[in-house]
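The values are calculated or read from the model by the stated rules, or taken from the named source; none is laboratory data. Quick caveat, the model's predicted, so the values are computed rather than measured. Here the Cβ is made from the backbone with ideal geometry for all residues, glycine too, and neighbour counts use every protein chain on show.
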Amino acid sequence: MSHPRALPSAPLRYSFALLASLCVLLPAAPARAALPTYEEESSLLSSVPGTDDGSIAAMLNPAQWGNLERSETSFWWSDRQAAGHRREDYGVSLGRTLGFSYRHRMLPAPGGARGVGDYQIGLGWSDPLGAGGLSYGFSGPGRSAFDRKNFLALGRIVRPFPWLSVGSTGRIASGERQGLLDLGLRPLSDPRLLLFAGYALEPNRHWDHGDLSGGVAVRPIPGLEAAGRWSEHDRVQLTLGVTLARTGFRAHSRYEHSDRAATEYVVRMNPPVRGMDPEARLLARRRFLEMDLKGEAAYQSYRYFDVSSLPLRRILDDLTLAIEDPTVAGVAVNLSGFDANIEIVWEVREKLLALRRAGKKSVVYLDRPGAKDYYLATAADRILMDPFGMLTIPGVSTTKTYLRGTLEKLGLGFEEWRYFKYKSALETLSRRDMSEPDREQRADLVRAMYEEMADGITSSGRMSRAQYDLTVNEEPALMPKRLLELGWIDAIAGPDSLREVARSVAGRRVAFATPRSLRLRRCQPDEVWGPRPTIALVYAIGECAMDTGIRGRTTSKALKAFRERRDVKAVVVRADSPGGDPLASDLLAREMRAYRPSGKPLFVSQGRVAGSGGYWISMDAGRIHASPFTITGSIGVIGGWIWDEGLGKKLGMTTDRVQMGKSADLLGGLILPLIGLQIPERNLDDRERVVVKRGIMDLYDEFTTHVAQGRGLPVERVREIAQGHVYAGRKALELKLVDEIAGLDRTIEEAKAAAGIPRGRRVRIEEYPRQRLFRLPSLPGSVASRLGLGSRDGLAAPVAPERRTYEEQGLRSMLMSPGIPLLLTPASLLPDEPVAR
């Protein structure tokens, strides 16, 4: 695993040293200049190369190619004409990261003005402190008349603070060296006011005989700029510019000894400056965002060729764009094939409600929805249902399958080590029916989920609570005509009618935009100097295990690295885990505990389940956020023992051993071929049970003590509400086990605020684990590992864990680590998703 490194410092010193050597150690130049002078080159700039971001400045400082966030193309020409009415100066510069420029000029030469074309190919890169770049320049026809030589340029721009920019460039060509150092100051720490200065050292000059220039640039409103630049020898340049959306225009008027020499005109496509937004007025609320949510909601998708995953953050970000974009009147959402657990559904629904609060409309299409799909749809203004669809809404239940009889038939014995009232994770193996404490907490969860969904659905005003309860109990499946009669939907129509209904809701003619087009429209350049703050988003998903699930071994190292990195201003952990191995849980908890003295904010956003070991990794966060549908708590420890009670005899298998130590035989036993599991030969004796109980009680004491410290509660109070009891999100808030009912995006925003990042400041979200490139074919684990295709540390793309795998994870944890106390939440506590869907 490779963790992001701290900000580089040595490379910066080396680059400045190299530039200094290019600028200072200047040998004697030939009779004619092989390099154009800075004065010739800078006529297209409003300030200096290190501050006038864009492809034109990249011709003087190639680091600007690395500064660009999107590709820019610039054209220019001069109003000054040479003999024959030919333009004296024109050209083009374009690119991002990789750049190209061409500039044609008419220059004085023996026998009259001659033309020469100068070309450059550049490469730029960015880093947390700024950008660097290099370029290669050469000339075309006419080069011999001016003794033009090919050159190599190296550039660097450093912006350590929002108010400071330092740029430097060095060029070398056939013995000639040329250097430039420039400085930019923003007294207001934003683009409204810029003070700049430059120092150019031409060939054949001593280091203290360079040309000095300077000036001021103002941008009173986005899209409007004015600048004045002075240089030695009584030269002045005035610039006026305007940028509309993605197109900019500039005029640079040069004066020499108070006489106008020429005016350069520049047209810029995709300039790296914020422009005026005429669409905000001309197309105000005249677009509808179309969203097709067919696929499986996940926390991360694969980077390429993954058309089936819907990353949660992308869905939420697209809806946020619709809320904030003044041209958007609403959204039209196709929910056919949307597969998500109820917690993710709640987060998406909250965004649709925020859209409504912003005065915008939403239209939703359904085909065969379950309760949770309809719950999501009721946040919309209009609901369409397919003519052949059906709503299934029978209520909420939670079912548990018991395997004691199965184990007996197989010849396996099982003993549950349960010392806490509600810690029922292993009941499925030890009982034939539900214990009363387990029934009690399950009833609480089912009631909480039913009430939350009922309140949300009835708050839409489509039915009363009494009508809802009656329908659930008397008509658990409803056809479209019946739903239309009840007023639960607004129209019976196919997905092709979404646009027509959207126009009707908008009350005017509207255009339709895709999420991608909206992202491109709202992708404005980040003109703030200084390292962009980073928020780390760490996914702790699945069982608490060392090398699978939450990956305690590598995720703990990532948390440590993020704590030590200066550019990471806050960390958000998304916890969606039923628990498991306490060692893996505590590896994360220890690193999270270390954030408190560091002062760096660390928040936890809990997903569908964050119980037992999932709560262990949450308890030391600065703040814990959960949804109403989150299952959390389960503060307790449990364990169990499975042994051969006739299985070997049924299979015709026997074992034999040699041992030293009374309990050494507990580590051996029957090994099942092909499966690879080892089944102990006997149960524990009374002496061994005493040892196990002591270990479980010690771990429980440590668990409750850490919860008390992390949550600021008395230990006695924690032990009163613990005992392995699970809670739904709102009850957990009441008990102070969580701090707020909020989703992932709200957690990220609050983490930014806690880090002191101004509202609206663009940040970089760095996810861990990193996205994998593409989905590999499914292979058995042993085959995949032998082929080197197993999931590598830090590269897994976690999706929202499925309920059916939690039972398997718990059983596997017990079989692979016999006798180890477990921090495990019963998987079957999750209400049955097929019923609640």
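Per-residue answers, yes or no, for (1) of a type in the set (D, E, K, R); (2) touching a helix residue (DSSP H, G or I) at 6+ places or on another chain (Cβ under 7 Å):
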| site | (1), (2) |
| --- | --- |
| Val637 | no, yes |
| Trp643 | no, no |
| Met653 | no, no |
| Gly661 | no, no |
| Leu672 | no, no |
| Ile679 | no, yes |
| Glu688 | yes, no |
Inset, instruction - Might you check whether a residue that is within 20 Å of the chain's Cα centre (by Cα) and under 17 Å from Glu766 (Cβ atoms) occurs anywhere in the stretch 510-526? - result: yes
Inset, instruction - Spot the failing condition for Arg286; the list is (1) touching a strand residue (DSSP E or B) at 6+ places or on another chain (Cβ under 9 Å); (2) modelled with pLDDT of 95 or more, and only one is missed. - result: (2)
Legend entry - Selected residue (only one of Leu316, Leu293 is under 25 Å from Gln771 (Cβ atoms), in contact with a helix residue (DSSP H, G or I) (Cβ under 6 Å, 6 or more places away or on another chain) and either touching a residue at least 40 places away in the same chain (Cβ under 8 Å) or basic (Lys, Arg) (or both)): Leu316
Legend entry - Matching residues in the stretch 269-289 - criterion: being farther than 15 Å from Pro222 by Cβ, of a type outside the set (Gly, Ala, Ser) and outside any strand (DSSP E or B): Asn270, Leu282, Leu283, Arg285, Arg286
Legend entry - Qualifying helices (runs of 4 or more DSSP H) (wholly inside the stretch 602-711; at least 1 residues being out of contact with any Ser or Thr (no Cβ under 8 Å at 6 or more places or on another chain), modelled with pLDDT of 90 or more and in the same structural domain as Gly724 (by TED's automatic domain parsing)): 686-711
Inset, instruction - Pull up the stretch 662-704, narrow it to residues that are over 30 Å from Leu647 (Cα atoms) and without any contact (Cβ under 8 Å) to a residue 12 or more places away in the chain, then point me to the one that is surrounded by the fewest Cβ atoms within 10 Å (Cβ to Cβ). - result: Arg694
Inset, instruction - Among the candidates Asp190, Asp234, Asp211, single out the residue that is buried (at least 16 other Cβ atoms within 10 Å of the Cβ), among the acidic types (Asp, Glu) and not assigned by TED's automatic domain parsing to the domain that holds Pro326. - result: Asp211
Legend entry - Enumeration of residues in the stretch 43-76 that are out of contact with any helix residue (DSSP H, G or I) (no Cβ under 6 Å at 6 or more places or on another chain) and under 12 Å from Arg156 (Cα atoms): Gly50, Thr51, Asn61, Pro62, Ala63, Gly66, Asn67
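Hey, could you check the stretch 345-397 for residues that are among the hydroxyl-bearing types (Ser, Thr, Tyr), crowded, with 19+ Cβ neighbours inside 10 Å and touching a helix residue (DSSP H, G or I) at 6+ places or on another chain (Cβ under 6 Å) and say which is nearest to Val446 (Cα to Cα)? Walk me through how you get there before you give the answer.
Within the stretch 345-397, the first condition is being among the hydroxyl-bearing types (Ser, Thr, Tyr), and the residues that meet it are 362, 365, 374-375, 378, 392, 397.
Add one more test, that the residue is crowded, with 19+ Cβ neighbours inside 10 Å, and what stays is 362, 365, 374-375, 378.
Going one step further and asking which of them are touching a helix residue (DSSP H, G or I) at 6+ places or on another chain (Cβ under 6 Å), we end up with 362, 365, 375, 378.
Details: Ser362: 30, Tyr365: 28, Tyr375: 16, Thr378: 21 Å.
If we take residues in the stretch 345-397 being among the hydroxyl-bearing types (Ser, Thr, Tyr), crowded, with 19+ Cβ neighbours inside 10 Å and touching a helix residue (DSSP H, G or I) at 6+ places or on another chain (Cβ under 6 Å), then Tyr375 is nearest to Val446 (Cα to Cα).
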Inset, instruction - Say whether the condition of being modelled with pLDDT under 95, surrounded by fewer than 18 Cβ atoms within 10 Å (Cβ to Cβ) and outside any helix (DSSP H, G or I) is met by at least one residue in the stretch 765-772. - result: yes
Inset, instruction - Would you mind stating whether Ser101 is outside any loop (DSSP other than H, G, I, E, B), closer than 18 Å to Phe151 by Cβ and either among the hydrophobic types (A, V, I, L, M, F, W, C) or at pLDDT 95 or above (or both)? - result: yes
Inset, instruction - Output yes when any residue across the stretch 725-732 is farther than 23 Å from Leu588 by Cα, without any contact (Cβ under 8 Å) to a residue 12 or more places away in the chain and of a type in the set (A, V, I, L, M), and no when none is. - result: no
Inset, instruction - Evaluate the stretch 462-469: report whether one residue or more is over 23 Å from Ser397 (Cβ atoms) and either in contact with a helix residue (DSSP H, G or I) (Cβ under 7 Å, 6 or more places away or on another chain) or in a helix (DSSP H, G or I) (or both). - result: yes
Legend entry - Residue list for the stretch 404-432, restricted to those being more than 22 Å from Lys693 (Cβ to Cβ) and among the acidic types (Asp, Glu): Glu408
Inset, instruction - Assess whether Val472 counts as being touching a Gly at 6+ places or on another chain (Cβ under 6 Å), surrounded by 13 or more Cβ atoms within 10 Å (Cβ to Cβ) and in the same structural domain as Asn341 (by TED's automatic domain parsing). - result: yes
